[in-house]
Each structure stands twice: as structure tokens, then as C-alpha cells.
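Asks: Structure in C-alpha cells, see below.
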Amino acid sequence: MSQESSSPRDSFSTKFGVIAAAAGSAIGLGNIWRFPYETGVNGGGAFLVVYLVCILLIGLPVMISEFLIGRSAQRNPFGAFKSLAPGKPWYLIGLMGVVAAFMILAFYTVVAGWTLEYIYQSFAGTLKGKDPIELKGMFDSFRYESYRPLLWFVIFIGLTGWVVIAGIKNGIEKYTKILMPMLLIMLVAMSVYVLTLPGAGKGLEFLFKPDFSKLTPNVILKALGQAFFSLSIGMGTLITYGSYIKKKENLGSTALSVAGADTFIAVMAGVAIFPAIFALSNVGEFDVTRLADEGLVFITLPSILYSIPGGPILSTMFFILLSVAALTSTISVLEVIVTYFVEELKLTRKRATISAVASVSILGILSVLFSGVFGFLNFTSANILLPLGGLFIVLFVGWSLSKKITREELTNSGSIKGKFIPLYLFLVKFIAPVAIAIVFIYGIWNAIH
Ligand code: TRP
């Protein structure tokens, strides 16, 4: 069951390569599509504050834990727990991760497909001269009344599979190094432009001025779920990537860079979107929640981009960059299933990828056709499976894994200081598990009552 493979394990070649791959996984539709509408429906500023607290106190410790589990075990999540805790049931976390990967791919790839539709629509010029309400109508009729989402889904999952079969290094990594910085520049430029629009202040106020009366247990659960989703933690993606990190890299600082970049992009997306909604809707007391659903990005961004010269080109470019960001994320999720199939079921990489894509497609087609399935997968994976996975991961490192291994991984066997280790251990032993457990139980309790 647990024999090692004979060839030396692959690894990322440079520190930049590690950060680019992990940030490529983290930065995606979670930041630009999911974060703004979750913030919109859950009250704005107060949600943002809770989200940031979740990233710092829970997200970062979980991310560091995943990296160190992966790097010390040099295995897929299931195999990693088997080898670090032989004969104990911790490997179930790895299995749960594989299940979560299926669920995430089955709705995430649907949204990634929508970005392809919007590349096409931007290019064809059909979005021109429409106000946000009309754009919402267009989005809804595309999503609910046409067969096109199905087509785009199949194309996108096929593309993901194609990259995963071919290996990542020489294709996707080469392009993302150029395209991700471009996305960042475009997003920052859009935010700056949006701030010059009349009425933008209201949007900033919505995003940055917390109204704590809007905080309910369910909102806190959703902020936690969003933090996990956005950082790609709680299901072993970063255990898998951690297993490819060289022994000389600093895991703590890597995690900090990845989490920092991810959070910056999410906040930038918020700054580009909320002021735009308020500025473009021309309504005094505008109810953001009217637009804040899964269509938000597909409504707001075209309206911003089409209000400046060069709209069709800018909008086409933006959705191309967004689909690339989505692709680097779908790859990382599919990689979890494929690595598991290869290492545990002993399939070839090609067979593993084809069977993973085929089975994800079945669930994915259901989620295209039934928005209830889509909503269920979206809610359950982010708000239930990821926090549960994260809870067990910190419990594992805090209470089961030997401190010697933890120290060795975090100090690179003594060659770096690791001044933050006591704080980290305190967070993974007490703060993170207690916080996740409370938020989780309280949030679920509230959701079903
Ligand atoms: N974090 C990615 C995003 O924000 C999505 C993603 C990639 C993910 N890998 C994951 C989410 C693993 C949860 C778990 O778009």
C-alpha cells in the first residue's frame, strides 16, 4: 500500500516558481467572482473585517500546516496522512479532500465557462451600451435559457484536463508568469478609474465601513468559508503543492506572500466593483443585494469597461485574464484528484486524468442544468467541507504530529530562525481549532433553523 515510487519526486525549481504556482491556485474566481458577491449579500464592510480576521488567525496557520504536512511526507494528501500517522484514521481528511475537489470542480468550472462566454460577448460587442439592469437580464437569460453554459463547461474542463495531462511546467507556468501580473495591473487600473466616477464614495463606504449589526453567525460562517475557498486551503491542494516544495524554501514566508497576494487581489476586485455599482446604477438608495448574486462580476465589469473608450477590447482582455486565473485554479484542484489516483490507485497519469475529468463532468453537467445543484455544491464545499478539513488539519499538526517534524520543516532543520513558531503553535493548537469549531457549529445551527 505505501511503497515509495522509485523515481525522485518532482519539485518546483525556484522560490518564485513555488509562489507563482500556489498564488496561481489561490487567485482565481474566488477573488474576483465569489468574494464580491459574498461581500455584497452579506453586508459589506462587516463581512470584510471578519474575512480579514479569518485569513490572519485561521487561514495562514492552516496554509502553513498544509505546506509542512506535504513537504515532510512528500505525498498526496491521503498518502501523506497515512505515512505521517500510520494506523490512525487521519487519512480520512485526505479522502474528504478528494471528495471536496470533485464538488468544487463541478461548480467552479461552470463559472469558468461563463468567462469564456463573456470573452465571446465582449468580442462580439453585444454588451455595448447596456445598463447594469439590462446586463443582469442578459446574464440570466444566458445562464438559464440557453445551452451555451453546457458547451463552455465541457470546453473548460477539457482544457483543464489537457493541461494536467501534459504536465504543468512548460505550458501553464510559462504563461501565467506573464498573464497573472497583467491581471493585477488591469484590476488596479480599473479600481483607480472607478474611483473617479461620481458616486463612487458610496461604494467604498459599503465595502470599508463596517455595520456590525449585519453580523450573524451565518455571515461569519460564510466569511470563514470564503477565506478557506480563496486561499485554496482545507482540502489538500496545498499539501499536494507542499510535497513539491524544495527543502531549502522558507514555508512561513512563502505562505505569507501567497496569502498577501490573494487578499490584495480580492480587495482590489471589491474596490473595482462596489463603487461601480453605486456609480452606474444612478439610484440614490440603491440596494446592492439586488445585483449581488452569482452574476455580479458579469454585470458590473462590462459596465465599467464599456463606459470608457476601447470598451470591447478592454472587456475582452479582462475576461481572457480572468479565465486564465480560473484555469490555474482548476488545474490545482484537478491535480489533487489526479495525484491521488496515480499514487493510490496506481493509474497512469493519462488514465487518472481522463477518469477524473469524466466523473467531474457528470456532476458538472447536473450543476449547469440545475441551479439548486450548483448552489448546493458552492455552499457545501466552501462552508462545510473546507472548514472541516481545515479543522482537522490544524488539530493534526497541533496535537498529533511530532513537534520535531514541525520545527524541522519550519526552520529548515535549524538553518532559519523561525521566531514565529511559538505563535504559530499557539494558533494551531488553540485559537484556530476553537474558532473554526465555534463558527462552524453556530453557523450550521443557524442555517438550519
Ligand atoms: N482558491 C481558488 C480561487 O479563489 C479556487 C481553488 C483552487 C480552491 N484550489 C482550491 C478552493 C482548493 C478551495 C480548495 O479561485
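Here, each number is a calculation from the coordinates, and none is a lab measurement. All values derive from a computational prediction rather than experimental measurement. Here Cβ is always computed from backbone atoms with ideal geometry, including for glycine, and neighbour counts include all displayed protein chains.
Asks: Once you treat every alpha carbon in segment 362-449 as an equal point and sum by Debye, what is log10 I(q)/I(0) at q = 0.14, 0.15, 0.17 Å⁻¹?
Replies: At q = 0.14, 0.15, 0.17 Å⁻¹ the computed log10 ratios are -0.66, -0.71, -0.79.
Asks: Okay, moving on. With axes computed from alpha carbons, what is the tilt in degrees of helix 311-344 against the longest principal axis of the chain, rounded to the nearest 10 within 0 to 90?
Replies: With both axes taken from Cα atoms, the answer is about 20 degrees.
Asks: Can you tell me the orientation of helix 432-448 relative to the chain, as the angle in degrees between its alpha-carbon axis and the longest Cα principal axis, to the nearest 10?
Replies: Roughly 50 degrees between the two axes.
Asks: If you don't mind, another one. I need the semi-axes of the equivalent ellipsoid of the chain: take the C-alpha gyration tensor, multiply each eigenvalue by 5, square-root it, list largest first in whole angstrom.
Replies: Over the Cα atoms of the chain, the ellipsoid semi-axes are 35, 25, 20 Å.
Asks: Roughly speaking, what is the centre-to-centre gap between segment 301-340 and segment 167-224 when only Cα atoms are used, to the nearest Å?
Replies: Measuring centre to centre over Cα atoms gives 13 Å.
Asks: Multiply the residue separation of residue 128 and residue 434 by 0.36 nm, subtract the distance between their alpha-carbon atoms, and state the gained length in nm to one decimal.
Replies: 105.1 nm
Asks: Would you kindly calculate the translational diffusion coefficient of segment 262-402, applying Stokes-Einstein with the Kirkwood radius from alpha carbon pairs, for 25 °C and a viscosity of 0.890 mPa s, and quote it in µm² s⁻¹ without decimals?
Replies: In µm²/s, the coefficient rounds to 130.
Asks: Leaving out same-chain residues fewer than 8 places away, which aspartates and glutamates sit with a Cα under 15 Å from that of residue 350?
Replies: 335
Asks: In addition: Which whole-number percentage describes the relative contact order of the chain, with Cα contacts under 8 Å and a sequence gap of 6 or more?
Replies: This gives 36 percent for the chain.
Asks: Could you name the lysines in cross-link range of residue 404, using Cα to Cα under 22 Å and dropping any fewer than eight places away on the same chain?
Replies: 82, 88, 246, 247, 248, 417, 419, 429
Asks: Please list, by residue number, everything in segment 405-427 whose backbone N is under 19 Å from a paramagnetic label point 7 Å out along Cα→Cβ of residue 253.
Replies: Taking a point 7 Å out along Cα→Cβ of residue 253, the residues of segment 405-427 whose backbone N falls under 19 Å are 407-424.
Asks: Please list 3J(HN,Hα) in residue order for segment 73-87, calculated via the Karplus relation 6.51 cos²θ - 1.76 cosθ + 1.60 where θ = phi - 60°; whole Hz, with x for glycine and proline.
Replies: Those phi angles translate into 8, 6, 9, 5, x, 4, x, 4, 5, 4, 7, 7, 9, x, x Hz.
Asks: Additional query: Can you tell me the FRET efficiency between residue 308 and residue 354 if r is taken as the Cβ-Cβ distance and R0 is 45 Å, rounded to the nearest 0.05?
Replies: Efficiency for this residue pair is about 0.55.
Asks: Over the Cα atoms of segment 20-106, how large are the radius of gyration and the largest Cα-Cα distance (Dmax), in Å?
Replies: 15.9, 46
Asks: Working only with C-alpha atoms, what are the Rg and Dmax values of segment 67-186, expressed in angstrom?
Replies: Cα only, segment 67-186: 19.9, 63 Å (Rg, Dmax).
Asks: Residue 120 versus residue 49, label points 7 Å from Cα toward the beta carbon: distance in nm?
Replies: 4.5 nm
Asks: What is the dipole size for the chain, taken about its Cα centre, with +1 at each Lys and Arg Cβ and -1 at each Asp and Glu Cβ, in debye to the nearest 20?
Replies: The calculation lands at about 1400 debye.
Asks: Return the FRET efficiency for the residue pair residue 178, residue 442: r is the Cβ-Cβ distance, R0 is 51 Å, and the value is rounded to the nearest 0.05.
Replies: Rounded to the nearest 0.05, the efficiency is 0.70.
Asks: So how do 239-251, 431-443 stack up, highest first, on mean other-Cβ count within 10 Å?
Replies: By packing density, highest mean first, the sequence is 239-251, 431-443.
Asks: Provide the FRET efficiency to the nearest 0.05 for the residue 208-residue 417 pair, computing r from the beta carbons and using R0 = 35 Å.
Replies: Efficiency, rounded to the nearest 0.05: 0.45.
Asks: Next up: How far, in nm, would the chain grow between residue 14 and residue 408 when pulled straight, counting 0.36 nm per residue and subtracting the alpha carbon separation?
Replies: 139.8 nm
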